[in-house]
1. Among what's in region 234-248 and is in contact (Cβ under 8 Å) with a residue 12 or more places away in the chain and away from ligand 2 (no atom under 16 Å from the Cβ), pick the residue that is most open to solvent (accessible area, probe 1.4 Å).
2. Going by the conditions given, is ILE231 surrounded by fewer than 23 Cβ atoms within 10 Å (Cβ to Cβ), at pLDDT 95 or above and within 14 Å of ligand 2 (Cβ to nearest atom)?
3. Yes or no: SER144 in a strand (DSSP E or B) and either open to solvent by 40 Å² or more (accessible area, probe 1.4 Å) or of a type in the set (S, T, N, Q) (or both)?
4. When region 369-395 is examined, which residues are found to be open to solvent by less than 70 Å² (accessible area, probe 1.4 Å), modelled with pLDDT of 90 or more and of a type in the set (Gly, Ala, Ser)?
5. So which of ALA318, ALA279, ALA303, ALA311 ends up being in contact with a helix residue (DSSP H, G or I) (Cβ under 9 Å, 6 or more places away or on another chain) and within 16 Å of ligand 1 (Cβ to nearest atom)?
6. For GLU119, state whether it is free of Cβ contacts under 8 Å to residues at least 40 places away in the same chain, more than 21 Å from ALA82 (Cα to Cα) and more than 18 Å from the chain's Cα centre (by Cα).
7. Keeping to region 174-188, report how many residues are touching a residue at least 40 places away in the same chain (Cβ under 8 Å) and within 16 Å of ligand 1 (Cβ to nearest atom).
8. Against the condition open to solvent by 30 Å² or more (accessible area, probe 1.4 Å), in contact (Cβ under 8 Å) with a residue 60 or more places away in the chain, away from ligand 3 (no atom under 16 Å from the Cβ) and among the basic types (Lys, Arg), how does ARG343 come out, does it pass?
Amino acid sequence: MSEKNPNIEQSMNALDAFQIEIPSWGFANTGTRFGKFVQSGAATSIAEKFADAAEVHRLTGATPSMALHVLWDMPGGIADAARIESLVRATGIRAGSINPNLFQDQRFKFGSLCHPSAEVRSVAVAHMIDSVRIAQRLGSRDISLWLPDGSNYPGTQSIRNRIAWLQEALSETHAQMAADQRLLVEYKPFEPAFYHTDIADWGMALLLARGAGPRARVLVDTGHHYAAQNIEQIVAWLLHAGMLGGFHFNDRRYADDDLTLGSIDPYQVFRIFAEIQLATPAEMASIAFMVDQSHNLKPKVEAMVQTVVTAQELWLKAASIHREQLAQFQQSCDLVAAEELFRGAFFADVRPQLHAWREARGLPAEPLHALRASGYLERIAAERASRQMDRGSYA
Ligand code: AFD
Ligand code: MN
Ligand code: MN
């Protein structure tokens, strides 16, 4: 490996800034459309989700907030905010982004914010505004919208009308936000709709966010891209446009598979992180790093720790790139030298620095090993086994 990298101290500091929000739904039993495998240790209540999030943060030191899904975590809406606030106080885990749910209400069969019926659209907009109110009450900066709307057959819906209705709904929602809040607009090429999805790519999300108002941004879910797409280039464009709001970390082999970050293509994650780390401090401060996973097969808490430590390792690899040297090679078009330096950082073993960073903060050098040795997994499985039931996906 090359001589000691003068950037290491800087990259260690980079880890301090690399805070990752984890999803409440990542701790509960979920499944695929073909069924689910119930786990004895899965969280069966919002209190257990907060407990699991606190355990992940205790071990990693990098996950101080938990994203909430309004209908799953707060079925009573804002009336449940007091419960959330008490769990925040008890666990030290902050309430993170608020995620509206526009994909389970039977009225949304043909769409929610894009439904041809103005009455149904108003129900969906009311849910968005409820989510804004919940975020205001809990002190959450971001309302993070994933819109499942679309259609399954050509000719069955007006794509243009749905664009207009969606623009109107997002403007209405944005107008209800406080000055310190943001609306994150996520895109996804397909699923649950299989012919057209109303927010299918980053361009649509960008136009919608720009039209909604000055505090809307684009959220990039790493799994929401076709196989050939260059995600780091999309990230560079959104950063350049000042419109990158955040990420949902996961990986995919074929579609929106929600596999563990870096499990299929760690080099792609490294390239995305390398692009992000070119952001200015102001840009970086406005990027929300989140995990979006809910494993059907992997044990929930173990999978979450695995994702976080993988993200930290790849983040540190990217931060150890000799930027000045790379810029010189790029400027002189010294292709092989530039590539060898760039991918050399990916191949570098940064685990010693990771261990040093953790030990300097009183954290276990290997969080996964510490989790297995802690007895936490056995304890929650024993406590929760009798409470598991098949309540349908995303219970
Ligand atoms: C599903 C969607 C999308 C969304 C997440 C949480 O594909 O990624 O962000 O659920 O609502 O994974
Ligand atoms: Mn997502
Ligand atoms: Mn997804």
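The values are calculated or read from the model by the stated rules, or taken from the named source; none is laboratory data. Here the structure is a predicted model, which is why all the values come from computation and not from measurement. Cβ atoms come from the backbone with ideal geometry, glycine included; neighbour counts cover every protein chain shown. Ligands, DNA and RNA are stripped out before the accessible areas are found, and what is left, the full protein with its side chains, is counted by its heavy atoms. Shrake-Rupley method; radii C 1.70, N 1.55, O 1.52, S 1.80 Å.
1. TRP237
2. Values: surrounded by fewer than 23 Cβ atoms within 10 Å (Cβ to Cβ): yes; at pLDDT 95 or above: yes; within 14 Å of ligand 2 (Cβ to nearest atom): yes.
Judged against the criteria, ILE231 is a match.
3. Working: in a strand (DSSP E or B): yes; either open to solvent by 40 Å² or more (accessible area, probe 1.4 Å) or of a type in the set (S, T, N, Q) (or both): yes.
Criteria met by SER144.
4. ALA370, SER374, GLY375, ALA381, ALA385
5. Values: ALA318 fails: within 16 Å of ligand 1 (Cβ to nearest atom); ALA279 fails: within 16 Å of ligand 1 (Cβ to nearest atom); ALA311 fails: within 16 Å of ligand 1 (Cβ to nearest atom).
Testing whether each residue is in contact with a helix residue (DSSP H, G or I) (Cβ under 9 Å, 6 or more places away or on another chain) and within 16 Å of ligand 1 (Cβ to nearest atom) leaves just ALA303.
6. Details: free of Cβ contacts under 8 Å to residues at least 40 places away in the same chain: yes; more than 21 Å from ALA82 (Cα to Cα): yes; more than 18 Å from the chain's Cα centre (by Cα): yes.
Answer is yes for this residue.
7. In the first step, residues of region 174-188 are kept if they are touching a residue at least 40 places away in the same chain (Cβ under 8 Å); the result is 174, 176-178, 181-186, 188.
If we keep only those that are within 16 Å of ligand 1 (Cβ to nearest atom) as well, we get 182-186, 188.
Summing the residues that are touching a residue at least 40 places away in the same chain (Cβ under 8 Å) and within 16 Å of ligand 1 (Cβ to nearest atom) in region 174-188 gives 6.
8. Numbers: open to solvent by 30 Å² or more (accessible area, probe 1.4 Å): yes; in contact (Cβ under 8 Å) with a residue 60 or more places away in the chain: yes; away from ligand 3 (no atom under 16 Å from the Cβ): yes; among the basic types (Lys, Arg): yes.
Against the criterion (open to solvent by 30 Å² or more (accessible area, probe 1.4 Å), in contact (Cβ under 8 Å) with a residue 60 or more places away in the chain, away from ligand 3 (no atom under 16 Å from the Cβ) and among the basic types (Lys, Arg)), ARG343 qualifies.
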